[in-house]
Every structure is written in structure tokens, then in C-alpha cells.
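A short worksheet on the structure shown next.
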């Protein structure tokens, strides 16, 4: 087996893993389950653990065998992972709060990181059966629960009435300031609220123009969806316009902007430039 597997072939295997993890999550979602708290106070359920176990076991046997970093896995010291050129970055259940609220807006996120950037990404939505998937050089797609698949493309925003995606659980006062500046510049806007990495996928499939995340996230929250968005023609950058980087010493992301295609300078709205 060659050291580097063909990415489209690898993508199909990862889609199957994400969907199987989604089935395991749904089996727990449809009955009573216990909610525990992690050290940082965030919730964790048996569904997080069950999905993590399945994904970890299945990725571990895929050739070539890359190391894995998961939100629900063992914490890997930076001194060890700094040498990783390729690795899997996983959030087995992104949107645990949405899971506990039974609103369906949670996902399974699996990304392959190469040299600090996501080159393959799968975001699977267990409740709907929809998967968003992409790898560099092969396009970005939405796959329905029945297996039908079609290409997706971020739309080109050139000013005027924008559609803004907001976090369902983490809005915050800074978002209000961003929206005020956008309205002063471009007029009225539409909003959509969603949980988990679905917000980024909404931009990737051309149903929204911008998702400003002005609050804390971790690398496993964004990597898979960033790949989908960028391959679909969009951007995911920090407030200075730089693409998010992965496998940093701190796994926290800076504030970021997930935007569609085109050259509109969303960072200027963040800074209130004219």
C-alpha cells in the first residue's frame, strides 16, 4: 500500500465511518440518556463516547495509519503532535448541547489535516442523514440520506441584503456589533440560526453569505467544515483574513469568519473599516 492513499477513495471510507457513527448516536438519541459534565463544564453523553469509540477504531485500521486527535479522546501533548505531518482530527458529536435539547442540529465531524490545513472533510448530520463531504481537487458535495449526491458551491456576495448565520447556543454581544456595522453599510439582512458545524455548511452550499463566529471554538469544531467550505469556493479566516491553521500549541481557534465566494472584504466589517 502506498504511503498516501488516493484522497477520493479515502473520502468514501470516511463517509461510511461518519454515517455509522451517526447511527450509533441516533440509537442513544431515541431513548433516555445520561448527561455528564466535563472538567470545563461542557456536557458529554454516552453518545459522544460511543461515536468516539467507533470512529477511533475504524480510522485506526485504514491504511495509511495516521495518528488521531479527538475531542473525546486522549489529550496529546504538543511536544508529541508537533511532529505530525498528517493526522485525523475528529469531533465525534459536534453540538452536544443541541443533542441534549433534541433539536437535531448536531453533527459528526472527521477531517484529515496535512501540514496544518484540512484536505479532506466529512460533516454528517445523523437526524437528517445528510452528509457534507469534500477533498482537495475533487469537489464538495451534499449527500442525501438516500445516497443521492450533488455538488455544492458557495455563492458570490457583492453587497446588498446578506444572509447571516448565527450560532444557536453561542450568539453573544459581539455578534450584535457586527450586525449593526453590516446594516449601516449594506442595509437590512436576513438571519438563520443553527447549531454545530451546520452553520459553516450552510455557507458552503450557497444558502448563506457569512457566519461570523465571535467566540471560542476548538480546532475539531471547524476542520471538516472548513475543508467543505473552501473546496466549495468559500473562505474560513481569522479576523485578519488568514485561513485558520491546525495543530497549534493551543487547540483553540481565534474568532473567525466563514464566508462565501467572491472578494467582499468581511474583515472590514469586523474592524468597522469604511
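The values are calculated or read from the model by the stated rules, or taken from the named source; none is laboratory data. A quick note: this is a predicted structure, and the numbers were derived from the prediction, not measured. Using ideal geometry, Cβ is built from the backbone for each residue, glycine included, and neighbour counts are taken over all protein chains shown.
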Item to complete: Enumerate the strands (runs of 3 or more DSSP E) found wholly within region 87-192, keeping only those where 3 or more residues are in contact with a strand residue (DSSP E or B) (Cβ under 7 Å, 6 or more places away or on another chain), over 30 Å from residue 7 (Cβ atoms) and in contact (Cβ under 8 Å) with a residue 24 or more places away in the chain.
Response: 163-167
Item to complete: Would you tally the residues in region 49-68 being crowded, with 18+ Cβ neighbours inside 10 Å and within 22 Å of residue 98 (Cα to Cα)?
Response: 5
Discussion item. Just to verify a result, which residue in region 1-20, among those that are in a loop (DSSP other than H, G, I, E, B) and surrounded by 10 or more Cβ atoms within 10 Å (Cβ to Cβ), is modelled with the highest pLDDT?
Written reply: 6
Fill in: Residue, surrounded by the most Cβ atoms within 10 Å (Cβ to Cβ), within region 24-48, restricted to residues that are under 19 Å from the mean Cα position of the chain (by Cα) and part of a helix (DSSP H, G or I)
25
Item to complete: Name the residue, out of 58, 65, that is in a helix (DSSP H, G or I), in the same structural domain as residue 143 (by TED's automatic domain parsing) and farther than 15 Å from residue 94 by Cα.
Response: 58
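The rows are residues; the columns are (1) part of a helix (DSSP H, G or I); (2) closer than 16 Å to residue 141 by Cα.
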{"residue": "201", "(1), (2)": "yes, yes"}
{"residue": "206", "(1), (2)": "no, yes"}
{"residue": "211", "(1), (2)": "no, no"}
{"residue": "216", "(1), (2)": "no, no"}
{"residue": "220", "(1), (2)": "yes, no"}
{"residue": "230", "(1), (2)": "yes, yes"}
{"residue": "263", "(1), (2)": "no, no"}
{"residue": "268", "(1), (2)": "yes, no"}
Item to complete: Look at residue 98 and say whether it is at pLDDT below 95, surrounded by fewer than 24 Cβ atoms within 10 Å (Cβ to Cβ) and in contact with a helix residue (DSSP H, G or I) (Cβ under 6 Å, 6 or more places away or on another chain).
Response: no
Worksheet item: Checking residue 193 against (1) surrounded by 14 or more Cβ atoms within 10 Å (Cβ to Cβ); (2) under 17 Å from the mean Cα position of the chain (by Cα), which test does it fail?
Response: (1)
Worksheet item: For region 241-274, what are the residues that are under 14 Å from the mean Cα position of the chain (by Cα) and surrounded by 19 or more Cβ atoms within 10 Å (Cβ to Cβ)?
Response: 244, 246, 253, 256, 257, 258, 259
Worksheet item: For the subset of region 71-86 comprising residues that are touching a residue at least 24 places away in the same chain (Cβ under 8 Å) and farther than 19 Å from residue 117 by Cβ, which member is surrounded by the fewest Cβ atoms within 10 Å (Cβ to Cβ)?
Response: 72
Worksheet item: Looking at residue 250, is it part of a strand (DSSP E or B) and either in contact with a helix residue (DSSP H, G or I) (Cβ under 9 Å, 6 or more places away or on another chain) or not assigned by TED's automatic domain parsing to the domain that holds residue 118 (or both)?
Response: no
